[in-house]
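> Let me give you the structure first, and then I'll get to my questions.
Every number in this text was worked out from the coordinates using simple rules, so none of it is lab data. Here the structure is a predicted model, which means the values were calculated and not measured. Here the Cβ is made from the backbone with ideal geometry for all residues, glycine too, and neighbour counts use every protein chain on show.
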Amino acid sequence: MSLWSSIRQMASGSPAAPTHCAVSGAAVPAPGGSPRLVLYKFDACPYCQRVMRQLGPLGLAEAVELRDTLREPSARASLMAATGMGQVPCLFIDEAPLFESADILAWLSQHAAARRGATA
Ligand SMILES: N[C@@H](CCC(=O)N[C@@H](CS)C(=O)NCC(=O)O)C(=O)O
């Protein structure tokens, strides 16, 4: 977890969704709405597993497209071209990359809650 994520969590008691990608600085869209979600991952990565395990419980299994950077060389090439890094997990929210499993989980949790609120 990034320093700012930790500080926000300590202050609020719950993880806050990041507003910027810590690596690229790109603006991360606010949770909610209908962004295209693409998770770059590979199955043996424990950080990816941590994110993927929560997709079902959050009701987002069908909303998140998975791209495997080990099985699909073109997926790794796309990730490298867009971010300059091969680190996974990386969640693309529309065009914005979000690294760090803790930040991805915080964003996805808030996105799921916003979607539940929108349909309640
Ligand atoms: N702190 C990161 C760690 C992610 C990480 O270390 N991923 C490894 C795979 S398990 C990786 O992508 N290493 C290759 C690289 O960084 O290019 C997180 O929680 O997401």
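> Show me, for the stretch 57-66, the HN-Hα J-couplings you get by feeding each phi into the Karplus relation (A = 6.51, B = -1.76, C = 1.60, θ = phi - 60°), rounded to Hz, glycine and proline as x.
Couplings: x, 7, x, 10, 4, 8, 8, 10, 7, 9 Hz.
> What angle, in degrees between 0 and 90 and rounded to the nearest 10, separates the Cα long axis of helix 3-12 from the longest principal axis of the Cα atoms of the chain?
Tilt relative to the chain: about 20 degrees.
> Give the relative contact order (percent, whole number) for the chain; include only Cα pairs under 8 Å separated by 6+ residues.
35 percent
> In the stretch 3-119, what percentage of the DSSP-assigned beta bridges are antiparallel, given to the nearest 5?
Of the beta bridges lying entirely in the stretch 3-119, close to 65 percent run antiparallel.
> So, one more: Round to the nearest 10 and give me the degree value, 0 to 90, for the angle of helix 46-55's Cα axis relative to the longest principal axis of the chain.
It is inclined by approximately 50 degrees.
> Here's something else I'd like to know. How much length, in nm to one decimal, is gained on full extension between ARG36 and ALA114, taken as 0.36 nm per residue of separation minus their Cα-Cα distance?
Working it through step by step, the gained length comes to 26.6 nm.
> For the stretch 3-119, with only Lys/Arg (+1) and Asp/Glu (-1) charged at the beta-carbon, what is the dipole magnitude about the Cα centre, in debye rounded to 20?
200 debye
> Percent of Cα-Cα pairs per 10 Å bin, from 0 to the last occupied bin, for the stretch 3-119, please list those.
Distribution as computed: 14, 48, 33, 5, 0 percent.
> To continue, here is another question. Considering the dipole of the stretch 3-119 built from charges on the beta carbon (Lys and Arg +1, Asp and Glu -1) around the Cα centre, which of GLN54, GLY25, THR83 is farthest to its positive end?
Positive-most Cα among the choices belongs to GLN54.
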